[in-house]
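Worksheet: one structure, shown below.
The values are calculated or read from the model by the stated rules, or taken from the named source; none is laboratory data. Everything quoted here is computed from the prediction, not taken from an experiment. Counting neighbours? That spans all protein chains shown, and the Cβs are built from the backbone with ideal geometry, glycine included. In case anyone asks, the SASA skips ligands and DNA or RNA and just uses the protein heavy atoms, side chains included. Shrake-Rupley method; radii C 1.70, N 1.55, O 1.52, S 1.80 Å.
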Amino acid sequence: MTAAHPPSPPARAPLMALDEALVRLLAQAAPLSDTETAATFEADGRVLATDLVSELQVPPQDNSSMDGYAVRRADVREAGVVLSVSQRIAAGHAAEPLRAGTCARIFTGAPMPVGADAVVMQEDTREVGGDLHAVHIDAVPALGQWVRRAGEDVTRGAVVLPRGQRLSPASLGLAASLGLARLPVVRRPRVALFSTGDELVMPGDVTPADMKPGAIYNSNRFFLRTLLQRLGCEVSDLGIVPDRRDLTLAALKTAADHHDLILTSGGVSVGEEDHIKPSVQQLGTLDLWQIAMKPGKPFAYGTVRRDAGAGADVDIACHFMGLPGNPVSSFVTFLLLVRPFLLALQGAGVPERRPVKLPAHFDLPRADRRREFLRVRRNAAGGLDLFPNQSSGVLTSAVWGDGLVDNPAGSTIAQGDLVSYISFADLLA
């Protein structure tokens with residue numbers, strides 16, 4: 001009688017490509033419909049809810065871009081002409097029409113007088129006599145020289161900032177130049193953030209000398225909260241949830257009723273003390289994705305049903321995302337997956353990653369089967385140095401580095417190879 005062979009373990013699902021994971025996430029990010037107004041002074045990083053259409057032109061009239069003299073070009077056909085000064089025009093003051101054969105002392109931003117068609121900067125003139133009654137013009141100006149034309153920056157009726165624009169300091173200045181003290185913006189995404197794990201302690205609660213064996217400080221909570229706030233989110237920090245199923249369920253229920261996204265790090269596994277996975281599945285849906293990236297392989301996306309309440313739509317659900325527990329994995333997956341999702345949730349355009357090609361000043365002789373994101377730093381020679389320890393638990397690599405090398409699966413790197421570099425400045429903007 002032949003001995004029975006034990007059943008073979010089920011085949012593992014293939015790892016999901018990062019780009020596919022991003023496409024799936026963005027497909028779930030229906031933009032928030034609620035809008036509000038924000039003071040222009042306070043709107044940095046917010047997303048415009050409607051197009052901004054200019055009701056005026058900028059500048060409102062032709063004006064000088066230089067301190068000097070407004071002239072009729074027909075009066076200055078050659079260098080050496082002497083013109084009497086008929087008026088003085090400062091910014092914010094009206095100008096009289098310019099009489100033929102005269103010039104006007106003019107300052108930067110002042111309106112051009114009718115009849116003038118050029119400005120000679122003061123360095124190309126010499127005072128004649130005293131009290132500035134006349135000037136000697138030492139250079140022949142070109143037509144329109146040093147003149148800013150009315151409407152050359154903004155024309156009346158133009159869309160100056162489109163809906164979905166994420167407001168920057170420059171765009172806030174532009175909005176202010178149109179007289180806008182308040183701006184229509186998409187409301188802030190409400191994000192609930194919490195950590196799970198009995199091993200986690202907060203800095204300040206326990207001194208390093210008093211740490212119990214196996215305990216670690218909760219670092220992920222600090223950088224995730226900051227990243228969320230930089231993206232314009234309203235963050236509810238729910239702290240550390242103990243490793244108990246009832247408390248995990250209660251935290252998820254409370255968070256789902258009042259937030260658009262629940263974000264956690266760690267605990268989305270199959271261990272007996274990992275309660276996130278079964279709790280989310282009990283309250284909604286959960287997909288565990290094994291992503292072909294390093295660091296950051298484990299990632300979870302799902303939804304948690306909201307309490308129906310009085311008249312609520314029972315189909316409405318809160319988004320859920322579970323990040324890896326290792327700090328560098330959590331940091332990188334946030335930048336590459338959570339950040340685009342939150343921008344899309346606000347109706348903002350998701351910026352395309354545009355790596356630049358730079359020479360590697362290091363060797364990476366061993367290829368990985370996953371797409372790698374290596375922590376690197378630009379050097380004075382114009383190349384990239386590699387942090388020596390690329391472990392997903394070494395957060396110092398993200399502090400030391402100023403960006404990532406996007407290294408394709410199965411690829412080695414030799415000194416001098418051109419590699420794809422993505423700066424943290426672009427990923428954190």
Inset, instruction - Could you give me the percent of Cα pairs per 10 Å distance bin for the stretch 128-187, shortest bin first, beginning at zero and ending with the bin that holds the maximum distance? - result: 15, 31, 18, 16, 14, 5, 0
Legend entry - Cα extents of the chain along the three principal axes, largest first (Å): 120, 64, 50
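Against the empirical 2.2 N^0.38 Å scaling, what ratio does the C-alpha Rg of the stretch 66-155 come to? Present the calculation step by step, with values, prior to reporting the outcome.
On the way: Rg = 12.2 Å, N = 90, 2.2 N^0.38 = 12.2 Å.
Compactness ratio reported: 1.00.
Could you state the accessible area per residue of the chain in Å², with a 1.4 Å probe and every protein chain left in place? Could the numbers behind the result be given before it?
Details: 21710 Å² over 429 residues.
Per residue, the chain has an accessible area of 51 Å².
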Legend entry - Label zone at Glu352, where the point sits 7 Å out along the Cα-to-Cβ direction: the stretch 10-49 residues whose backbone N lies under 17 Å: 19-20, 22-23
Inset, instruction - With a point put 7 Å past each Cα toward its Cβ, work out how far His136 is from Asp205 in nm, to one decimal. - result: 8.1
Inset, instruction - Taking all protein chains together and a probe of 1.4 Å, list Phe107, Phe299 from the most accessible to the least accessible. - result: Phe107, Phe299
Legend entry - 0 to 90° range, to nearest 10: angle between helix 220-230 axis and the chain longest Cα axis: 30
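Could you please state how large a percent of the accessible area of the chain is carbon and sulfur, counting protein chains only and using a 1.4 Å probe? Write down the numbers at each step before the final one.
Numbers: 11350 of 21710 Å².
Summing carbon and sulfur atoms, their accessible area is 52 percent of the total for the chain.
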Legend entry - Reduced Cα scattering model of the stretch 198-300, Debye log10 I(q)/I(0), q = 0.10, 0.12, 0.23 Å⁻¹: -0.33, -0.48, -1.46
Inset, instruction - For the stretch 294-421, list log₁₀ I(q)/I(0) at each q in 0.17 Å⁻¹, using the Debye formula over Cα point scatterers of equal strength and ignoring solvent, two decimals each. - result: -0.94
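Rounded, prolate or oblate: pick one for the stretch 347-422, where a ≥ b ≥ c are the square roots of the eigenvalues of its C-alpha gyration tensor, a/c under 1.5 means rounded, and failing that, prolate if a/b is larger than b/c, else oblate. Can you show the working numbers first?
Details: a/c = 1.29, a/b = 1.27, b/c = 1.02.
Here the stretch 347-422 falls in the rounded category.
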Legend entry - Sequence ranges 229-242, 71-84, ranked by mean other-Cβ count within 10 angstrom, highest first: 229-242, 71-84
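Can you tell me what share of the DSSP beta bridges in the chain is antiparallel? A percent to the nearest 5 is fine. Write down the numbers at each step before the final one.
Working: 57 of 85 bridges.
The antiparallel proportion sits near 65 percent.
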Inset, instruction - Name the shape class, rounded, prolate or oblate, that the alpha-carbon gyration tensor gives for the stretch 144-260, where a ≥ b ≥ c are the square roots of its eigenvalues, rounded holds for a/c under 1.5, and otherwise prolate holds if a/b is larger than b/c and oblate otherwise. - result: prolate
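Is it possible to state the helix-based mean residue ellipticity at 222 nm for the chain, with each DSSP H run of 4+ residues giving -39500 (n - 2.57), the sum divided by total residues, to the nearest 500 deg cm²/dmol? What is it?
Working: 9 runs with 77 residues, N = 429.
Helix-only estimate at 222 nm: -5000 deg cm²/dmol.
Find out how many positive minus negative residues lie around Val235, taking Lys and Arg as positive, Asp and Glu as negative, among other residues whose Cβ is under 11 Å from that of Val235. Numbers along the way, then the final one.
On the way: positive: Arg188, Arg190, Arg221, Arg225, Arg230; negative: Glu234, Asp237.
Around Val235, the charge tally is +3.
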